[in-house]
Amino acid sequence: MEILTGFLNAIMGIYKSSGLSTLGWQNYVMIAISCALLYLAIKKQYEPLLLLPIAFGMLLVNLYPGIMAAPDITLVQIATKDDPAAVGHVVRTIGDTIYYEDPHYGGLLYYLYQGVKLGIYPPLIFLGIGCMTDFGPLIANPKSLILGAAAQIGIFVTFTGAIFLGFTASEAGAIGIIGGADGPTAIYVTTKLAPHLLGSIAIAAYSYMALVPIIQPPIMKALTTKKERAVVMEQLRPVSKLEKILFPIIVVILIAIFLPDAAPLVGMLMLGNLFKESGVVDRIAKAAQNELMNIITIFLGVTVGATASGTNFLKLDTLKIIALGLIAFCMGTAFGILFGKIMYKLTGGKINPLIGSAGVSAVPMAARVSQKVGQQENPGNFLLMHAMGPNVAGVIGSAVAAGVLLNVVG
Amino acid sequence: MSIHGISAIQAAAESMTMGERGIESAKVILTGFVVVFSVLFLLIGIIKLYSAIVSKLQSGGESRKKKDAAQKKKVVSVSRTVAAPEPQAEDGIPEEVVAVIAAAVMSLYAGASKPRIKSIKKAGGSRSAWANAGVIDNTRPF
């Protein structure tokens, strides 16, 4: 009988600590959502490099919430300082009572999440992006920066929408940055302004970035004429190595002086680019764009996904964020195109307005969309390199916009 | 009002009326618009300026090199007149391919100098299949 009772108690203990008794309905909904995201990442290949770890982090935290639990300490009362139970523990005396500290370590993802919380991972991702980015098209045609700036207007317009929907200024700033279509920037700003919204904002940002080829073309076609879309642009001038080496140094000096809040992102982006363009630190450049970037991508994706626990994510605010994120993205695309049209008029038809949509960052997907839509009108038209100018300008522009938001509402 | 002053919005956000929300968000839009465009316009000016300086420096260096080369050529042409040698094309490379390579080189360097092709060799095996796949992946249109 005693054996049977012991057995039943053990089974009850296992049941009580298992997910079957501890998980709520929200967790099960989130498990279903994460499985749907895994399907999109694996089968549809929507931004799989980030969506897959994000979805898996979401799955893990909803199966086992303790994986994101913060460390804590339990004080256990003892009679004397020499109590054998206190051996190896810190002993404290509060009043007349003696306690020993029984530490409970945090979950695995809690520790990895500190890189997100402290704003370490996004700038390191920017370091790798800098190593992979060629600013040549932007240096050859600096006017591209206007398009990169125009596409950021969506961020500030969405800020207004979020304020009117009842979000605080910090939350509105974090939601607006989705319009920059730049994942690391969105995560960086959100961790500083509204960390409790990180899961929903990161998922919205990466989902829309994956959906660029679906979201942008209808807006591009609606805002341009057939004649404008068929414009063939002049070949860009070759850019010398010296110009490419000077570019990151000049940009970082300028932006760090005028907008110090953008310095961590822009600084790392430009450091990576200098690694690449200088040609003297090939080993470091390769490490930054391969090993380092891949490792950080894993940590960033899994831990950002792990912030989307059922109770945090399943709120009306998440739906509002997803809707506002889409508006931000569409507005960014539209303003880029509209400024492209202005430049088309001012240059006497030499600029194809389609390259304006690439100003929303999302490198290189947005530039590829400009190329694709342009080729639909004129199969002999190659806009890819022209669109890369506004595309990389958008990366700088969204980092500058992030700096403005951190300064204004941070 | 200083930029930092606008952060007062956050504290007051929940108690603000619709009109106040409109005014405060207009301030953020205006600040964002002006700062982002100012920084990027400044960047345009600086890029143009340093590009002009760099190209001037480099064209100065190039013209000096050209001068030196022209002087050397003169000395050589006094002693003998030599016809430009035919490009040494490796066996198995058709004439059409040689013509296409010559045309591509001319279109790339046209105006800057008179390029001369000395030899044409098959690259064969210098790039692995994986590297080729990477190049194709990165250069194909969307």
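The values are calculated or read from the model by the stated rules, or taken from the named source; none is laboratory data. Note that the structure is a prediction, hence the values are computed from the model and not measured. Here the Cβ is made from the backbone with ideal geometry for all residues, glycine too, and neighbour counts use every protein chain on show.
For the range A:87-106, name all the residues that are of a type in the set (S, T, N, Q) and surrounded by 11 or more Cβ atoms within 10 Å (Cβ to Cβ). So that I can check it myself, show each step before the final result.
As a first pass, look at the range A:87-106 and keep what is of a type in the set (S, T, N, Q): A:93, A:97.
Answer for the range A:87-106, where residues must be of a type in the set (S, T, N, Q) and surrounded by 11 or more Cβ atoms within 10 Å (Cβ to Cβ): just A:Thr97.
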Selected residue (only one of A:Gly179, A:Gly166 is surrounded by fewer than 24 Cβ atoms within 10 Å (Cβ to Cβ) and within 14 Å of chain B (Cβ to nearest Cβ)): A:Gly166
Determine whether A:Leu127 is away from every other protein chain (no Cβ under 12 Å) and under 30 Å from B:Gly45 (Cβ atoms). yes
What is the number of the single condition among (1) in a helix (DSSP H, G or I); (2) of a type outside the set (Asp, Glu); (3) within 12 Å of chain B (Cβ to nearest Cβ) that A:Asn294 does not meet? (3)
Residue list for the range A:298-311, filter: buried (at least 19 other Cβ atoms within 10 Å of the Cβ) and within 15 Å of the chain's Cα centre (by Cα): A:Phe299, A:Leu300, A:Gly301, A:Val302, A:Thr303, A:Val304, A:Gly305, A:Ala306, A:Thr307, A:Ala308
From A:Ala306, A:Ala328, A:Ala263, grab the single residue that is in contact (Cβ under 8 Å) with a residue 24 or more places away in the chain and farther than 30 Å from A:Ile153 by Cβ. A:Ala306
Conditions (1) away from chain B (no Cβ under 14 Å); (2) over 23 Å from the mean Cα position of the chain (by Cα); (3) not basic (Lys, Arg): number failed by A:Ser144: (1)
All-but-one check, B:Ser77 against (1) within 30 Å of A:Ala402 (Cα to Cα); (2) modelled with pLDDT under 80, failing number (1)
Scan the range A:361-390 for residues that are farther than 19 Å from A:Lys350 by Cβ, surrounded by 20 or more Cβ atoms within 10 Å (Cβ to Cβ) and either at pLDDT 90 or above or small (Gly, Ala, Ser) (or both) and jot them down. A:Ser361, A:Ala362, A:Ala366, A:Arg368, A:Val369
Checking A:Ala149, A:Ala174 in turn, the sole residue that is facing chain B (nearest Cβ under 9 Å), within 29 Å of A:Ile296 (Cα to Cα) and buried (at least 24 other Cβ atoms within 10 Å of the Cβ) turns out to be A:Ala149
In the set A:Val408, A:Val395, A:Val363, A:Val400, the lone residue that is under 23 Å from A:Ile214 (Cβ atoms) and in a helix (DSSP H, G or I) is A:Val395
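In this structure, is A:Ile120 aliphatic (A, V, I, L, M), modelled with pLDDT of 90 or more and in contact with a Phe, Trp or Tyr (Cβ under 8 Å, 6 or more places away or on another chain)?
No.
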Which condition from (1) touching a Lys or Arg at 6+ places or on another chain (Cβ under 9 Å); (2) surrounded by fewer than 24 Cβ atoms within 10 Å (Cβ to Cβ) is the one that A:Leu118 breaks? (1)
So is A:Ile73 touching a strand residue (DSSP E or B) at 6+ places or on another chain (Cβ under 8 Å) and either more than 30 Å from A:Ile296 (Cα to Cα) or of a type in the set (Val, Ile, Thr) (or both) or not? yes
Looking at the structure I just gave you, is A:Gly394 within 13 Å of chain B (Cβ to nearest Cβ), closer than 21 Å to A:Thr190 by Cβ and buried (at least 24 other Cβ atoms within 10 Å of the Cβ)? yes
Suppose we filter A:Leu314, A:Leu346, A:Leu324, A:Leu338 for residues that are surrounded by fewer than 20 Cβ atoms within 10 Å (Cβ to Cβ), out of contact with any strand residue (DSSP E or B) (no Cβ under 6 Å at 6 or more places or on another chain) and within 29 Å of A:Gly57 (Cβ to Cβ); which single one remains? A:Leu314
Qualifying residues in the range B:105-142 (those that are away from every other protein chain (no Cβ under 13 Å) and on the phi > 0 side of the Ramachandran plot) - the one modelled with the highest pLDDT: B:Gly124
Just wondering, is there one or more residues in the range A:236-257 that are crowded, with 24+ Cβ neighbours inside 10 Å and touching a Pro at 6+ places or on another chain (Cβ under 7 Å)? no
Residues of the range B:17-48 satisfying the condition of being β-branched (Val, Ile, Thr), out of contact with any Phe, Trp or Tyr (no Cβ under 9 Å at 6 or more places or on another chain) and at pLDDT below 90: B:Thr17, B:Ile23
